[in-house]
Structures are given as C-alpha cells and as structure tokens.
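Participant: Next up is a structure, given as structure tokens.
The values are calculated or read from the model by the stated rules, or taken from the named source; none is laboratory data. For clarity, every value in this text was computed on a predicted model and none was experimentally measured. When the accessible area is computed, the model is the full protein with side chains, heavy atoms only, and any ligands, DNA or RNA have been set aside. Shrake-Rupley method; radii C 1.70, N 1.55, O 1.52, S 1.80 Å.
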Amino acid sequence: MSRTDAKPDDVTDRGGVLVRGVGKEFSSPTGEPLRVLDGVSMDVRPGEFISIVGPSGCGKTTLLRIIQGLDDADSGEIRVAGAMPGQGPTGFVFQRASLFPWRTVERNVAFGLELAALKDEPSRPSSKKERRERVAGLLTLTGLADFADYYPTQISGGMQQRVNLARALAIQPSVLLMDEPFSALDAQTREKLQRDLQRVVAKTGTTTVFITHDIREAVFQADRVFVMAPRPGRFVKVYDIDEKRPRRAEFQQSDRLAELAREIWGLLHRPKSESVLSAAPAAS
Ligand SMILES: Nc1ncnc2c1ncn2[C@@H]1O[C@H](COP(=O)(O)OP(=O)(O)O)[C@@H](O)[C@H]1O
Ligand SMILES: [Mg+2]
C-alpha cells in the first residue's frame with residue numbers, strides 16, 4: 001500500500017499510529033527463543049478505527065503492549081501521535097475492567113485526570129470545575145450519568161467496561177488502544193457496547209486500535225481490519241470496510257457484514273497446505 005511510504009511525521013503528528021517492521025522475541029519456559037512478532041507494519045490514520053484479528057497466541061497483545069510502551073520491540077520503529085510509545089496521551093481499555101473498588105464510578109473516571117494534574121500534563125483541565133465538567137460529560141457520553149455514585153461492585157460487567165472507557169477518554173487521548181475489551185461480556189451486552197463505542201469515538205474523533213478474536217466485531221467496528229497470522233505474528237491481509245461510521249444495528253445484523261466476516265474467517269481457517277498464513281510476511 002502506498003500509505004506505508006508516508007514519512008513518520010506525516011502520519012502520526014496529527015494523532016495517527018505508525019508501526020514499521022516491528023519484531024519481538026521472548027524466551028519459552030524451556031529457554032528456547034520464541035519469535036512472537038516479525039516484520040509487523042501498519043499505519044493508522046488520525047481518526048481512523050482499525051481492528052486487529054488473529055488466533056489466540058498470535059501476538060496481538062504483545063503488539064499492543066509495545067505500542068503502549070509497556071514492552072520494548074527488538075527491532076522496528078513506532079510512533080504514537082508523533083511521540084515514542086508511552087510518551088504521548090494514550091488511553092487503554094483491557095478485557096478486565098481494572099477499576100478501583102473503593103472509588104465511585106465518578107471518582108474512577110476522574111482518576112486519570114487526577115494523575116494528569118499531578119504530572120502537569122497538557123491534557124489536564126486547569127480547574128476543579130473544568131475537571132468535574134469533563135467527567136460529567138464523559139459519564140453522559142458513556143451512558144453512566146445515573147450511576148455516578150455507584151461503586152464498581154454495584155454495577156454490571158458491561159457498565160464496568162463503560163467506566164473503563166470513560167476513564168481512558170478522560171485525558172482526551174489522541175489514540176485509544178483496546179485489547180478484547182468486550183470479550184468477557186455476554187453476546188447481547190457486547191453488541192450494545194460495540195454500538196455505543198461507535199457513537200462515542202465518532203464524537204471524540206479518537207484514533208482507535210481495537211484487538212479482538214471476534215471477526216464480526218472486528219468488521220463491525222473498523223475502517224480497516226488487519227488480519228494477523230501466528231508464529232511469528234505478522235499481518236497477512238488488510239480488509240477495507242467501506243461503511244460510514246458510526247455503524248449502527250442495521251450494519252451489525254446485515255448480510256454484508258456476515259459475508260465479510262465469513263471471508264476473513266475463511267482466510268484464518270484455510271488448510272495449512274494452501275494457507276497464506278504460512279507464506280512469507282506480506283507487505284501491509
Ligand atoms: N512475557 C512473556 N514471556 C514469554 N512469552 C510470552 C510473554 N508474553 C507473551 N508471550 C507469548 O507470546 C505469544 C503471543 O502472546 P500474546 O501477544 O498474548 O497473543 P494474543 O494476544 O494474540 O493471544 C504467546 O505464545 C505467548 O505465550
Ligand atoms: Mg491477547
């Protein structure tokens with residue numbers, strides 16, 4: 001794709017993500033080297049929503065942790081909104097809602113802002129009033145306004161993930177990284193949260209990298225779906241999902257979505273002999 005020719009700053013200064021030739025090796029428990037990522041490249045445009053799908057263990061979480069700055073790549077180049085990983089304002093949502101049980105919903109969402117205030121980050125609101133307003137706005141946006149004073153144990157798993165999302169957005173991150181955020185939820189709650197996420201990021205315009213092993217979810221959410229193959233993890237195909245965002249229930253239930261999901265499923269489940277997944281790394 002020609003967009004991989006873009007210079008780092010063209011793509012990422014305005015809030016995109018650039019990943020170029022990233023490799024990562026771990027040691028297996030027996031001490032053997034385990035090549036987890038090899039030549040992983042992607043450009044995410046500012047405001048774009050991309051999904052990454054791939055079988056369990058193919059390296060999705062490892063890649064996200066590297067983008068987040070929690071792990072170092074062995075090779076390659078990464079920029080997140082023009083900055084090195086871990087340097088810019090980035091929001092994270094993981095499968096388990098890591099909320100503070102002793103804080104109310106409102107105080108959980110405010111937590112990110114309190115940290116930003118301590119660290120004197122540019123995204124911090126300048127006054128207490130502004131901070132309260134921003135939190136209130138996020139509670140409304142994520143459908144939590146009536147639950148501000150509840151504690152995490154008093155709300156459902158779906159609502160806990162809403163709190164997690166609101167907290168991640170509180171610092172107004174340029175980039176939102178989500179790792180299977182809805183996979184612990186029941187199907188109906190999951191579909192509702194997928195639609196709500198569409199609405200929320202359409203409002204905030206946040207560039208989003210969304211990891212899932214649910215192919216339908218990947219297609220529903222994203223402008224582009226990156227398909228990752230295992231051992232070592234790398235992208236073998238990118239699908240453009242030509243449908244306006246925010247996506248709605250009609251698209252979620254549409255034949256077109258089902259068709260696209262089937263096609264991607266077929267790519268991931270082809271017999272080994274004819275599989276592109278065991279071929280040389282594809283250019284992304
Ligand atoms: N810290 C680590 N040390 C050793 N191996 C690891 C470590 N983290 C992940 N792995 C291995 O890397 C591979 C990819 O893991 P992961 O990125 O979690 O995959 P995914 O998120 O796609 O399921 C797996 O084989 C996993 O066992
Ligand atoms: Mg994972």
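Participant: Mind checking which of 90, 30, 104 has the largest fluctuation in a GNM of the chain, springs on alpha carbons under 10 Å?
Facilitator: 30
Participant: Percent of accessible area on the range 97-173 owned by carbon and sulfur, 1.4 Å probe?
Facilitator: 53
Participant: Under the definition of Cα pairs under 8 Å and six or more residues apart, what whole-number percent is the relative contact order of the range 97-173?
Facilitator: 49
Participant: Given a 1.4 angstrom probe, what's the average accessible area per residue across the chain, in square angstrom?
Facilitator: Accessible surface, normalised per residue, equals 48 Å².
Participant: How many percent of DSSP beta bridges within the chain run antiparallel, rounded to 5?
Facilitator: 50
Participant: Over the chain, what portion of Cα pair distances is larger than 32 Å, expressed as a whole percent?
Facilitator: Working: 9989 of 40186 pairs.
Every Cα pair in the chain considered, those over 32 Å come to 25 percent.
Participant: Can you give the helix-only mean residue ellipticity at 222 nm for the chain, where every DSSP H stretch with n ≥ 4 adds -39500 (n - 2.57) and the sum goes over all residues, rounded to the nearest 500 deg cm²/dmol?
Facilitator: After summing the helix terms and dividing by the residues of the chain, the value is -10500 deg cm²/dmol.
Participant: When the chain is treated as a GNM, springs tying every alpha-carbon pair under 10 Å, which of 226, 111, 182 comes out with the largest mean-square fluctuation?
Facilitator: 111
Participant: Shifting gears a bit: Kindly work out what percent of the DSSP beta bridges joining two residues of the range 83-238 are antiparallel, to the nearest 5. Don't jump to the answer; show the numbers that get you there.
Facilitator: Numbers: 4 of 14 bridges.
So the antiparallel bridges amount to about 30 percent of the total.
Participant: If you don't mind, there's one more thing I want to ask. Can you compute the equivalent ellipsoid semi-axes for the range 89-194, i.e. the square root of 5 times each eigenvalue of the Cα gyration tensor, sorted largest first and rounded to whole Å?
Facilitator: Computed over the range 89-194, the values are 23, 15, 11 Å.
Participant: Follow-up question, since we're still on this one. Determine the relative contact order of the chain: mean sequence separation of Cα pairs under 8 Å and six or more apart, normalised by residue count, in whole percent. Numbers along the way, then the final one.
Facilitator: Values: 550 pairs, mean separation 69.5, N = 284.
Across the chain, relative contact order equals 24 percent.
Participant: Still on this structure, I have one more. Need the C-alpha centroid separation for the range 220-255 versus the range 55-89, integer Å.
Facilitator: 20
Participant: Would you look at the GNM of the chain, springs on alpha carbons closer than 10 Å, and say which of 131, 234, 45 moves the most?
Facilitator: 131
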